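Have a look at the structure below, then the notes.
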Amino acid sequence: MISALMPNYNRADLAFERGEGAWLYSTDGRRFLDFGGGIASSSLGHGHPHLTQAIAEQAAKVMHVSNLYRVPQAEKLAERLVENSFGDSAFFCNSGAEANEGMVKMIRKYHAENGHPERWRIICFDGAFHGRTLAMISATGNPNYIKGFGPAVDGFDHVPFNNLNALRAAITGETAGIMMEPIQGEGGIRSANDDFLPGLRAACDEFGLLLGLDEIQTGMGRTGKLFAYEWSDVVPDVMSLAKGLGGGFPIGAVVATAAVAQNMKPGTHGTTFGGNPLAAAAGNAVLDVLLAPGFLDQVTARSDLLRGELAKLAEAFPHVIQDIRGRGLLIGLKLGVPNGALQAACLARGLMVVAAGDNVLRMVPPLVITPEDCQEAVRLLRLAVQDMTEAKVAAQ
Ligand SMILES: *Cc1c(COP(=O)(O)O)cnc(C)c1O
């Protein structure tokens with residue numbers, strides 16, 4: 001018999017009733033260290049007093065009014081995103097896929113308004129993940145996500161990641177822009193090479209294309225900068241955000257330069273809930289924490305601690321942990337054992353982590369983790385690795 005809740009997810013038989021910081025407490029009385037962070041979304045952890053108070057207070061005042069009226073909370077959030085990024089203007093929506101849809105529409109609209117409606121195709125990369133709407137499964141390009149949902153939406157061309165020659169060869173008179181993740185998240189925490197982003201920017205400038213960065217997973221402090229592009233000298237023309245932006249409250253955003261944003265005149269795009277007072281209050285509360293002096297340096301310090309401990313574990317079990325990838329608190333462990341099996345072994349030990357492509361185990365904990373949380377996570381991971389290697393010996 002079909003479950004009332006549609007069976008489109010592969011859920012662990014586990015539910016939580018409350019959380020505090022990086023810890024979650026299950027309905028059956030156990031506690032878990034959450035290094036999956038609701039898939040890189042619970043940026044302030046669970047029950048963060050500033051975030052929960054901001055949401056509760058705003059909910060009691062006014063939650064939703066629609067975009068027929070001014071929303072001061074959204075104006076403030078937009079001003080702060082603009083002030084702290086390359087952008088001049090921000091649009092709010094409700095999810096990552098929706099932010100990417102908006103970003104692609106803005107890239108196309110820019111060319112249409114500048115006399116080049118024939119420029120509408122977007123170059124994407126093998127191993128990318130951009131979301132699950134009809135257009136974004138095509139942008140993602142993974143045949144498993146497209147199968148059964150009709151013909152792929154046209155307009156997305158794919159080239160290998162980190163290959164500038166292939167990228168330049170794929171540009172035609174119909175190309176409008178490039179969409180890329182500075183570090184591929186779902187694809188297996190694969191970082192762009194140091195010369196790749198500058199190479200993309202140069203190609204965009206040479207051919208009049210727009211550079212769109214999908215910072216849905218890498219943005220909002222995840223890598224130790226507010227946005228991952230800040231690790232380079234490159235600025236994009238447009239950028240999508242979601243995941244950590246609301247600290248667990250659903251909100252997405254597109255941040256764009258004036259040249260891109262000025263084409264989005266009244267009536268061109270919209271969404272009923274986008275940037276409503278409640279969602280914007282959550283976003284502002286998250287930014288209060290992320291922008292506090294020293295916070296992002298603390299993310300880097302936690303990352304250094306965690307990566308140091310993980311390196312010791314990798315040294316002890318080189319056949320299990322083959323590589324440590326990513327930046328800041330976006331950490332990928334390239335495994336020599338199946339990632340799903342180690343993920344399950346971790347959960348049995350009370351550590352929540354997430355699988356990613358390329359047989360990678362992903363750690364994307366709340367950005368507020370303590371040094372003790374880091375030590376405990378690696379202790380639990382070590383136990384899980386030992387459980388797996390002992391189970392393997394026992395099976396032989
Ligand atoms: C999660 C993610 C998305 C999709 O976001 P949703 O909120 O699930 O629609 C898009 N791009 C990247 C890089 C992501 O990590």
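The values are calculated or read from the model by the stated rules, or taken from the named source; none is laboratory data. The model shown is predicted, which means the values in this text are computed figures rather than measured ones. Every residue, glycine among them, receives a Cβ derived from its backbone with ideal geometry; neighbour counts consider all protein chains shown.
Taking into account only those residues within the stretch 94-116 that are within 11 Å of Thr268 (Cβ to Cβ) and hydrophobic (A, V, I, L, M, F, W, C), which is farthest from the ligand (Cβ to nearest atom)?
Residue satisfying both the conditions and the ranking: Ala112.
Checking Arg132 against (1) surrounded by 24 or more Cβ atoms within 10 Å (Cβ to Cβ); (2) among the charged types (D, E, K, R); (3) under 19 Å from Phe273 (Cβ atoms): exactly one of these is not met. Which one?
(1)
What residue, of Ser89, Ser41, is closer than 30 Å to Arg379 by Cα and small (Gly, Ala, Ser)?
Values: Ser89 fails: closer than 30 Å to Arg379 by Cα.
Of Ser89, Ser41, the one residue that is closer than 30 Å to Arg379 by Cα and small (Gly, Ala, Ser) is Ser41.
Which residues, counting only those in the stretch 213-230, are more than 9 Å from the ligand (Cβ to nearest atom) and among the charged types (D, E, K, R)?
Within the stretch 213-230, Arg222, Lys225, Glu230 qualify.
Could you check, for the stretch 209-225, whether at least one of its residues is surrounded by 20 or more Cβ atoms within 10 Å (Cβ to Cβ), in a helix (DSSP H, G or I) and among the β-branched types (Val, Ile, Thr)?
no
Only one residue in Arg108, Arg31, Arg70 is exposed (fewer than 11 other Cβ atoms within 10 Å of the Cβ) and out of contact with any Asp or Glu (no Cβ under 8 Å at 6 or more places or on another chain). Which one?
Selected residue: Arg70, the only one of Arg108, Arg31, Arg70 that is exposed (fewer than 11 other Cβ atoms within 10 Å of the Cβ) and out of contact with any Asp or Glu (no Cβ under 8 Å at 6 or more places or on another chain).
Which residues, counting only those in the stretch 135-151, are part of a loop (DSSP other than H, G, I, E, B) and either surrounded by fewer than 16 Cβ atoms within 10 Å (Cβ to Cβ) or more than 16 Å from the ligand (Cβ to nearest atom) (or both)?
Lys147, Gly148, Phe149, Gly150, Pro151
As an exercise: evaluate Phe91 against (1) within 16 Å of the ligand (Cβ to nearest atom); (2) within 14 Å of Asn276 (Cβ to Cβ); (3) out of contact with any helix residue (DSSP H, G or I) (no Cβ under 8 Å at 6 or more places or on another chain) and give the number of the one condition it does not meet.
Against the list (1) within 16 Å of the ligand (Cβ to nearest atom); (2) within 14 Å of Asn276 (Cβ to Cβ); (3) out of contact with any helix residue (DSSP H, G or I) (no Cβ under 8 Å at 6 or more places or on another chain), Phe91 comes up short only on (3).
For the stretch 152-184, give me the residue count where each residue is in contact with a Ser or Thr (Cβ under 9 Å, 6 or more places away or on another chain), more than 16 Å from the ligand (Cβ to nearest atom) and assigned to a loop (DSSP other than H, G, I, E, B).
Within the stretch 152-184, residues that are in contact with a Ser or Thr (Cβ under 9 Å, 6 or more places away or on another chain), more than 16 Å from the ligand (Cβ to nearest atom) and assigned to a loop (DSSP other than H, G, I, E, B) number 4.
If you go through the stretch 68-76 one residue at a time, do you hit one that is assigned by TED's automatic domain parsing to the domain that holds Glu230, in contact with a helix residue (DSSP H, G or I) (Cβ under 9 Å, 6 or more places away or on another chain) and either assigned to a loop (DSSP other than H, G, I, E, B) or closer than 30 Å to Ala356 by Cα (or both)? It would help to see each step written out before you state the result.
Our first condition is that a residue be assigned by TED's automatic domain parsing to the domain that holds Glu230; within the stretch 68-76, this holds for 68-76.
Going one step further and asking which of them are in contact with a helix residue (DSSP H, G or I) (Cβ under 9 Å, 6 or more places away or on another chain), we end up with 71-76.
Now restrict to residues that are either assigned to a loop (DSSP other than H, G, I, E, B) or closer than 30 Å to Ala356 by Cα (or both): 71.
Yes: one or more hits.
Here is a yes/no grid of residues against (1) surrounded by fewer than 18 Cβ atoms within 10 Å (Cβ to Cβ); (2) at pLDDT below 95; (3) hydrophobic (A, V, I, L, M, F, W, C); (4) under 14 Å from Gly221 (Cα atoms):
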position: His269; (1), (2), (3), (4): yes, no, no, no
position: Gly274; (1), (2), (3), (4): no, no, no, no
position: Leu287; (1), (2), (3), (4): no, no, yes, yes
position: Leu290; (1), (2), (3), (4): no, no, yes, yes
position: Gly294; (1), (2), (3), (4): yes, no, no, yes
position: Val299; (1), (2), (3), (4): no, no, yes, yes
position: Arg302; (1), (2), (3), (4): no, no, no, yes
position: Leu306; (1), (2), (3), (4): no, no, yes, no
position: Ala314; (1), (2), (3), (4): no, no, yes, no
